Amino acid sequence: MEALKQKILDEGRVLPSNVLKVDSFLNQQIDVKLMEAIGKEFALRFADDSIDKVLSIESSGIAPALMVAKELGVPMVFARKRKSLTISENVYSVDLFSYTTQKHTQVIVDQRFLTAGERILIIDDFLANGQAAEGLLKIISRAQAIPVGLGVLIEKSFQSGRQLLEKANVRTESLVRISSLVNGHVTFLDDGK
Ligand code: G4P
């Protein structure tokens with residue numbers, strides 16, 4: 001997606017440890033117009049897949065997931081990383097380990113919000129090692145719902161997330177694929193074409 005690529009080139013900053021900082025439009029301040037365009041793009045890509053619900057994970061997946069759900073005219077549910085006061089005891093819960101942060105996080109979805117047989121589209125901001133996506137797939141499986149695919153805004157193709165999802169036979173759509181962040185420079189996978 002050209003607009004997202006350009007935004008990364010204009011505003012992204014490469015931090016040590018292969019991390020791309022995009023807080024000016026995605027991770028803290030949100031570019032709403034860009035999110036709207038992203039919502040339309042994913043809605044087009046999954047138009048023929050009879051999606052019943054969009055599933056994401058807090059916090060940075062919420063903004064794009066909301067826009068995708070709006071375009072598809074379906075509800076959006078996000079997995080929580082903290083138990084809230086109002087959450088019930090009947091939850092699907094998985095432990096996520098982040099290689100990036102080296103931390104374990106418990107991720108939960110109330111069982112009322114995922115139903116057996118529902119066709120689920122997962123939306124998230126980054127695909128790095130695929131731990132978040134794998135965790136959401138486990139939750140979908142426990143709910144006996146159907147994982148139709150995963151849509152991510154930024155795929156770090158030099159990390160192992162895509163391979164993990166291909167192994168699991170999950171259709172993965174990335175709006176932008178980054179092949180390298182070496183020397184502070186963003187290289188896109190299709191730059192060499
Ligand atoms: P994975 O789910 O693909 O395995 O990712 P990983 O555990 O490695 O990443 C942990 C967190 O770091 C996730 O966000 C993920 O989106 C984010 N992340 C990974 N690589 C990058 C990067 O290059 N740039 C940025 N900006 N984020 C990256 P999180 O901790 O859940 O944060 P948030 O959703 O609450 O903002």
### Query
How big is Rg to Rh over the range 34-101, alpha-carbon atoms, Rh as the Kirkwood inverse-mean-distance radius?
1.04
### Task
Grab the alpha carbons of the range 1-72, take their convex hull, and tell me the volume per residue in Å³.
99 Å³
### Query
Within a Cβ distance under 12 Å of SER50, other residues only, what is the Lys/Arg minus Asp/Glu net charge?
-2
### Query
With springs only between Cα atoms under 10 Å, which of ARG13, ARG162, ARG45 fluctuates most in a Gaussian network model of the chain?
ARG45
#### Entry: Local electrostatic count, SER24, Cβ distance below 11 Å [Lys/Arg +1, Asp/Glu -1]
-1
### Query
Straight-line reach from LYS103: which lysines have a Cα under 18 Å away, not including same-chain ones fewer than 8 places off?
LYS81, LYS83
#### Entry: Relative contact order [Cα under 8 Å, 6+ residues apart], the chain, whole percent
18 percent
### Query
Amide H to amide H under 5 Å from ALA79: which residues, 5+ apart in sequence or cross-chain, H placed 1.01 Å off N in plane?
SER56, ILE57, GLU58
#### Entry: Å³ per residue enclosed by the Cα convex hull of the chain
121 Å³
### Query
Roughly speaking, to the nearest percent, how much of the chain's 1.4 Å accessible area is carbon and sulfur?
49 percent
## Note on the structure
As straight-line cross-link partners of LYS7, the qualifying lysines (C-alpha separation under 21 Å, not fewer than 8 residues apart within one chain) are LYS21, LYS33, LYS40, LYS156, LYS193
#### Entry: Computed label-point distance, nm, for sites GLU89 and ASP48 using a 7 Å Cα→Cβ extension
4.7 nm
### Task
Could you tally the net charge around ILE87, taking each other residue with its Cβ under 15 Å from the Cβ of ILE87, Lys/Arg +1 and Asp/Glu -1?
+2
### Task
For n ≥ 4 DSSP H runs only, could you compute -39500 (n - 2.57) per run for the chain, divide by its residues and tell me the 222 nm figure to the nearest 500?
-8500 deg cm²/dmol
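The values are calculated or read from the model by the stated rules, or taken from the named source; none is laboratory data. Keep in mind that what you see is a predicted model, and the values were worked out from it rather than measured. A quick note on method: Cβ atoms are made from the backbone with ideal geometry, for glycine too, and the neighbour counts reach across all protein chains shown. SASA here: full protein model, heavy atoms, side chains in, ligands and nucleic acids out. Shrake-Rupley method; radii C 1.70, N 1.55, O 1.52, S 1.80 Å.
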